[in-house]
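Asks: Before we start, here is the structure in question, set down as structure tokens.
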Amino acid sequence: MDMDGPAMTDGFHLVVDALKLNGIDTIYGVAGIPITDLARLAQAEGLRYLGFRHEQSAGNAAAITGYLTQKPGICLTVSAPGFLNGMVALANATTNCFPMILISGSSDRSIVDLEQGDYEELDQMNAAKPFAKAAFRVNKPEDIGVGVARAIHAAVSGRPGGVYLDLTAVTLSATLDLDTASKSLVKVADPAPAQIPAPESIKLALDLLASAQRPLIILGKGAAYAQADADIRSFVEKTGIPYLPMSMAKGLLPDDHPQSAAAARSLVLGKADVVMLIGARLNWLLAHGKRPSWSGTTKFVQVDISPTEIDSNRPIVAPVVGDIKSAVAALLASLKPGLIQPSAAWLDAIAANKHKNTERMAVRLDADPNPMNFSSALSAVREALKDRPDVYVVNEGANTLDFGRNIIDMFEPRKRLDSGTWGIMGIGMGYAIGAAVVSGKPVIAIEGDSAFGFSGMEIETICRYRLPIVILVFNNGGIYHGDPVGTAPSPTGFVHDARYDTLIGAFGGVGYHVTDKSSLSKAVTDALRAGKPALINVVIDPTAGTESGHIQNLNPKMALAK
Ligand code: ADP
Ligand code: TPW
Ligand code: MG
């Protein structure tokens, strides 16, 4: 370097500077050409860098970080295959409305664009576009500041989503004089501006709710994301309207809240006359709002930040388009005492139905079969978690997910993290790591044995960073259930009597093998108390699960006999 010339910086430093300037403190990734030095520099400059074993898990950790913090989670990948491994996580984040940025290094564009066969050649930006909320490529170091700023805006403003940011290898190593460089950085002023709903929409919504005999509020993960917990609770309580939490909105109000209609789900969906959706889409998880699950005459209020979500499945009589924090504050401000009055008959019918269903469930929870089934094992977990509302619960699988959602009560907002809108397998370890890293709190991951396998190697990551994560593998020997002993492996079966608990010892974690309820409760309690990585092999009856859990009806029927 010319000693008399201006002081210089380079693309690597500018990326780290741009992230730091915007308050980003954590990166999840997998190292390699051309981003190894970027990861090293980030760590040296005080960012928290977590190295994973697979980019999909790093991306899932970034996505859940975005969901929990309202700041984009960052995943860093190498070119082509690393990038593509991260893409499932990016697409999943977009589908679930979680803000994240997948930053990937990329190979020499002049070679890539002529398909001349570069190392890890792929036109990554165009590959990312259909799966991302937005995609940007930076080709010059002086554009890094703008690239990072645009990515942050795109990830967190409006409906949050996954954003792709492509950094070419040339840009990373290019130099720039310090003066130009510092002027090129952008500190984003208001990444997720409030979107205040129109006052008329608030009035229309309240009028419609006031006209209802059998109103219902459905809280979705958008409501949990918005961090308007106190106002949402106040609106629910002041109106007296029964509410149904979608799975990741469990705990937004405590699951034992008297107005929860979760235990009367079929009744309230089928009979409500006015339904207010707050941060929940009328997608497959709500049977598209259609019959036979729903009444054909239900009228809808929908509070959502995305104007194009409105009318997507059922006509929405009262759309309230805005961010949930602003919208619920406006609803509360205009709410007159006594304006909204669910009928006594409605509340009585729900209470009776809840009582009946809760008693039925209690019988299943109290049972003590040997081997354990899903209900009995989850009742033991529920017992151990009763006094631990601080614990994050990650949950995936088919039966393990469906039973887990119903049996494990949540008492604090944003503590339940699960397969979400896609019903995706493989989020388990990434979500668990992301939650543990951003919160410093303990995490329990309740995993089907199949579900666990998709991200299982990250137990090394968990042990390396000594995270307080307790993994429960609900081991029924396969996808949905196990194979009969003595038969050749079926498409859904795994090794019989597998000992998942022995895996974690390889990395210094603690393994438990449990076959009954009281040992399971004790193992969960002990492992959480120890605050160290642990894996509990939970032996479940291989015949206990049903095909596809609770969504068997979504399997296409074979027209001809097998
Ligand atoms: P669930 O699966 O829990 O039913 P969905 O993911 O289907 O929830 O719906 C979440 C909805 O919340 C999306 O339509 C999204 O646009 C909306 N949303 C996300 N964040 C906000 C926010 N801050 N304000 C308003 N709506 C939001
Ligand atoms: C990325 C399809 C849905 S549920 C499931 C699979 C493979 C596993 C169910 O078995 P598990 O649970 O986890 O052992 P249990 O308790 O019923 O035995 N690939 C992806 N996502 C999905 N959803 C699938 C495949 C699937
Ligand atoms: Mg299984």
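Asks: HIS513 to GLU200: extension gain in nm, 0.36 nm per residue of separation minus the Cα-Cα distance?
Replies: 106.8 nm
Asks: Full-extension gain between ALA210 and ALA559, please, as 0.36 nm times their residue separation minus the C-alpha to C-alpha distance.
Replies: In short, 120.8 nm is gained.
Asks: Quick check on the chain: what does the Kirkwood estimate of hydrodynamic radius come out to from the alpha carbon pairs, in Å?
Replies: 25.0
Asks: Same structure, new question: So, taking all protein chains as they sit and a 1.4 Å probe, how much accessible area belongs to THR525, in Å² rounded to tens?
Replies: THR525 exposes around 40 Å² with every protein chain in place.
Asks: Also, I was wondering about something else. Tell me, what is the percent relative contact order of the range 435-562, built from C-alpha pairs under 8 Å that lie six or more residues apart?
Replies: 28
Asks: Now a separate question. Which shape class, rounded, prolate or oblate, goes with the range 234-279 when its Cα gyration tensor gives a ≥ b ≥ c as root eigenvalues, a/c under 1.5 marks rounded, and past that a/b bigger than b/c marks prolate?
Replies: Rounded, since a/c falls under 1.5.
Asks: For the range 309-338 and the range 536-562, what is the centre-to-centre distance using only Cα atoms, to the nearest Å?
Replies: 39
Asks: Would you mind working out the magnitude of the charge dipole of the range 122-226 relative to its Cα centre, with +1 at each Lys and Arg C-beta and -1 at each Asp and Glu C-beta, to the nearest 20 Debye?
Replies: 400
Asks: Tell me the Kirkwood radius of the range 1-75: reciprocal of the mean inverse pair distance over distinct alpha-carbon atoms, in Å.
Replies: Averaging 1/r across every pair of different Cα atoms and inverting gives 13.3 Å.
Asks: Taking Cα pairs under 8 Å and at least six residues apart, what relative contact order does the chain come out at, in percent?
Replies: Here the relative contact order equals 12 percent.
Asks: What FRET efficiency, computed as 1/(1 + (r/R0)^6) with R0 = 35 Å and r the Cβ-Cβ distance, is obtained for GLU547 and LYS522, rounded to the nearest 0.05?
Replies: According to the calculation, E is roughly 0.60.
Asks: Let me know the shape class of the range 256-402, please: from the alpha-carbon gyration tensor, a ≥ b ≥ c as square roots of the eigenvalues, rounded when a/c is under 1.5, otherwise prolate if a/b is greater than b/c, or oblate.
Replies: Cα axes put the range 256-402 in the prolate bin.
Asks: Shifting gears a bit: Evaluate the relative contact order of the range 70-172 (contact order divided by residue number), counting alpha-carbon pairs under 8 angstrom at least 6 apart; express in whole percent.
Replies: Relative contact order for the range 70-172 comes out at 36 percent.
Asks: What translational diffusion coefficient, to the nearest whole µm²/s, does the range 207-265 have by Stokes-Einstein, given a Kirkwood radius computed over alpha-carbon pairs, a temperature of 25 °C and 0.890 mPa s viscosity?
Replies: D, rounded to a whole number, is 210 µm²/s.
Asks: How large is the helix-only mean residue ellipticity at 222 nm for the chain, computed as the sum of -39500 (n - 2.57) over DSSP H runs with n ≥ 4, divided by its residue count, in deg cm²/dmol to the nearest 500?
Replies: So the helix-based figure for the chain works out to -11000 deg cm²/dmol.
Asks: How large is ³J(HN,Hα), in whole Hz, for each residue of the range 456-465 in order, when computed from phi with the Karplus curve 6.51 cos²θ - 1.76 cosθ + 1.60 and θ = phi - 60°, using x for Gly and Pro?
Replies: x, 5, 5, 4, 5, 4, 4, 6, 4, 8
Asks: Separate question: Given Cβ point charges of +1 (Lys, Arg) and -1 (Asp, Glu) and nothing else, what value in debye, to the nearest 20, does the dipole of the range 177-270 about its Cα centre take?
Replies: I would put it at about 320 debye.
Asks: Report the Cα centroid-to-centroid distance between the range 390-427 and the range 54-78 in angstrom, as an integer.
Replies: Cα centroid of the range 390-427 versus Cα centroid of the range 54-78: 18 Å apart.
Asks: In what order, largest first, do MET8, MET248 sit by accessible area if the probe radius is 1.4 Å?
Replies: The residues order as MET8, MET248, largest area first.
Asks: For TRP284 and ASP4, what does the FRET efficiency come to when R0 = 51 Å and r is the distance between their Cβ atoms, rounded to the nearest 0.05?
Replies: 0.15
Asks: Volume per residue, Å³, of the convex hull around the alpha-carbon atoms of the range 64-167?
Replies: 80
Asks: Report, by chain and number, residues whose modeled amide H sits under 5 Å from the one on TYR480, excluding near sequence neighbours (fewer than 5 apart, same chain).
Replies: Excluding prolines and chain starts, which carry no amide H, the hits are ALA398, ASN399.
Asks: Another one. Which far-off residues, 5 or more places away or on another chain, put their amide H under 5 Å from the one on PHE300, with H placed in the peptide plane?
Replies: Answer set, sorted by chain and number: VAL275, VAL317, ALA318.
Asks: Taking H as built 1.01 Å from N, whose amide H comes closer than 5 Å to the amide H of ARG48, not counting residues under 5 places away?
Replies: THR26, ILE27
Asks: What distance in nm lies between label points placed 7 Å from Cα along the C-beta direction at SER490 and MET457?
Replies: 3.0
Asks: On to the next question. What does a probe at THR358 reach in the range 220-245, counting residues whose amide N is under 19 Å from the point 7 Å along Cα→Cβ?
Replies: Within reach of a label on THR358: 237, 240-245.
Asks: Between GLY505, ALA63, ILE444, whose Cα lies farthest towards the positive end of the dipole of the chain when Lys and Arg beta carbons carry +1 and Asp and Glu beta carbons carry -1, centred on the Cα centre?
Replies: The Cα lying farthest towards the positive end belongs to ILE444.
Asks: Each residue of the range 229-246 in order: what ³J(HN,Hα) in whole Hz does its phi give by Karplus 6.51 cos²θ - 1.76 cosθ + 1.60, θ = phi - 60°, with x for Gly and Pro?
Replies: Running phi through 6.51 cos²θ - 1.76 cosθ + 1.60 with θ = phi - 60° gives 4, 5, 5, 5, 4, 5, 5, 4, 6, 5, 7, x, 7, x, 10, 10, x, 5 Hz.
Asks: A follow-up question, please. Taking the Cα centre of the chain as origin and charging only Cβ (+1 Lys, Arg; -1 Asp, Glu), how large is the dipole, in debye to the nearest 20?
Replies: Result for the chain is approximately 2040 debye, rounded to the nearest 20.
Asks: Can you compute the FRET efficiency between ASP368 and SER306 using 1/(1 + (r/R0)^6), with r the Cβ-Cβ distance and R0 = 41 Å? Round to the nearest 0.05.
Replies: So the FRET efficiency works out to roughly 0.30.
The values are calculated or read from the model by the stated rules, or taken from the named source; none is laboratory data. What you are looking at is a predicted structure, and each value in this text was computed from that prediction instead of being measured. Cβ coordinates were reconstructed from backbone atoms using ideal geometry, including for glycine residues, and neighbour counts include every protein chain displayed. We work out accessible area using only protein heavy atoms, side chains counted, and drop any ligands, DNA or RNA first. Shrake-Rupley method; radii C 1.70, N 1.55, O 1.52, S 1.80 Å.
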